[in-house]
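Worksheet for the structure shown next.
The values are calculated or read from the model by the stated rules, or taken from the named source; none is laboratory data. Just so it is clear, the model here is predicted, and its values are computed rather than measured. When we count neighbours, we look across all protein chains shown, and the Cβ atoms used for this are built from the backbone with ideal geometry, even at glycine. Note: accessible area is taken over every heavy atom of the protein model, side chains too, but ligands, DNA and RNA are not part of it. Shrake-Rupley method; radii C 1.70, N 1.55, O 1.52, S 1.80 Å.
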Amino acid sequence: MIEIDQAKIDFFQNEILNWYSKFGRDFYWRKHNLTDFEYIIAEVLLQRTKAETVAKFYPSFISRFPDWQYIANASDNEIEDFLRPVGLYTQRAKRLKSLAKEMVKRDGKLPRDRQVLESIPFMGQYIANAVELVIFKQPSPLMDVNMSRVLERFFGERKLADIRYDPYLQELAYKVVAHPNSKKVNWAILDFAASVCQARKPKCNSCIFKARCSYYLNNESIFPTES
DNA sequence: ATCCTGCAAA
DNA sequence: TTTGCCGGAT
């Protein structure tokens, strides 16, 4: 069992919010007051897809499919063709359509109960957390591969392979985003993951966290220090 | 080659 | 628990 140091969490929150105020990204789905539909579509498109790619594509999708009914009534082929530029289109089209049909059936209303929420097609752990965070305004973590990588590098590695079932990582993530402005902390972590703490070639030498980062301190020898 | 704000089927 | 999905950027 790995101990989670609250003081280290406080430090992390403060520093990453400070970083975010200077270097955070500014996407359409963050600043506008979107409908539930529009927000969920953004999350669906963002799966395994670069946010910058989605940013370019998103407005045209919303304009072609402005609500659940438009997707529910479209043919698989129509949705696939439209999704082609962002990839994963056969699966995404099929799953998006079942999600849309379910939401039409539910009259566009999202269930508060977590079990029921996750029973909706295409509502996995990640999107359910995103719905809780942005729509229900609860401090849930946007726990994707990127957040898990940042948290693990800074606080220490997880034990299990699958991030969804690792109790240490789950507990850690909830503690890290437990903050009056949870959305900002979440977005800050994702942006930091995309531009500094990348999977490949992380920019450790110029990183604001290196003095206290478990990953950096354990691998210091492989990062040539400037002299 | 590897990765991107995952998910569900196998 | 592992694998397929996928175009586009690096």
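Beta carbons closer than 9 Å, at least 6 apart along the sequence or on distinct chains, pair a first residue in region A:113-135 that is on the phi > 0 side of the Ramachandran plot with a second that is surrounded by 15 or more Cβ atoms within 10 Å (Cβ to Cβ) and β-branched (Val, Ile, Thr) for A:Phe122/A:Ile40; A:Phe122/A:Val44. Within region A:21-51, being within 12 Å of DNA strand B (Cβ to nearest atom) and part of a helix (DSSP H, G or I) holds for A:Tyr28, A:Trp29, A:Arg30, A:Lys31, A:Tyr39, A:Ile40, A:Ala42, A:Glu43, A:Val44, A:Leu45, A:Leu46, A:Ala51.
For region A:52-67, a residue qualifies if it is out of contact with any Leu (no Cβ under 8 Å at 6 or more places or on another chain) and open to solvent by 10 Å² or more (accessible area, probe 1.4 Å), and the qualifying residues are A:Glu52, A:Thr53, A:Ala55, A:Lys56, A:Pro59, A:Ser60, A:Ile62, A:Ser63, A:Arg64, A:Pro66, A:Asp67.
A:Ser63 meets each of the listed conditions (1) within 16 Å of DNA strand C (Cβ to nearest atom); (2) out of contact with any helix residue (DSSP H, G or I) (no Cβ under 9 Å at 6 or more places or on another chain); (3) not assigned by TED's automatic domain parsing to the domain that holds A:Phe192 apart from (1). Looking at region A:164-214 only, could you name the residues that are among the charged types (D, E, K, R) and part of a helix (DSSP H, G or I)? Answer for region A:164-214, where residues must be among the charged types (D, E, K, R) and part of a helix (DSSP H, G or I): A:Arg164, A:Glu171, A:Lys175, A:Lys183, A:Lys184, A:Asp191, A:Lys210, A:Arg212.
Among the conditions (1) within 22 Å of the chain's Cα centre (by Cα); (2) away from DNA strand B (no atom under 12 Å from the Cβ); (3) among the acidic types (Asp, Glu), A:Glu80 misses just one, which is (1).
Of all residues assigned to region A:138-157, none qualifies as being aromatic (Phe, Trp, Tyr), modelled with pLDDT under 95 and surrounded by fewer than 16 Cβ atoms within 10 Å (Cβ to Cβ).
The number of residues in region A:90-122 being open to solvent by less than 40 Å² (accessible area, probe 1.4 Å), of a type outside the set (D, E, K, R) and more than 9 Å from DNA strand B (Cβ to nearest atom) comes to 8.
Checking A:Lys175, A:Lys210 one by one, the residue that is modelled with pLDDT of 95 or more, away from DNA strand B (no atom under 13 Å from the Cβ) and either open to solvent by 30 Å² or more (accessible area, probe 1.4 Å) or basic (Lys, Arg) (or both) is A:Lys175 and no other. The set of residues in region A:13-43 being over 27 Å from A:Val54 (Cβ atoms) and in contact (Cβ under 8 Å) with a residue 40 or more places away in the chain consists of A:Glu15 alone.
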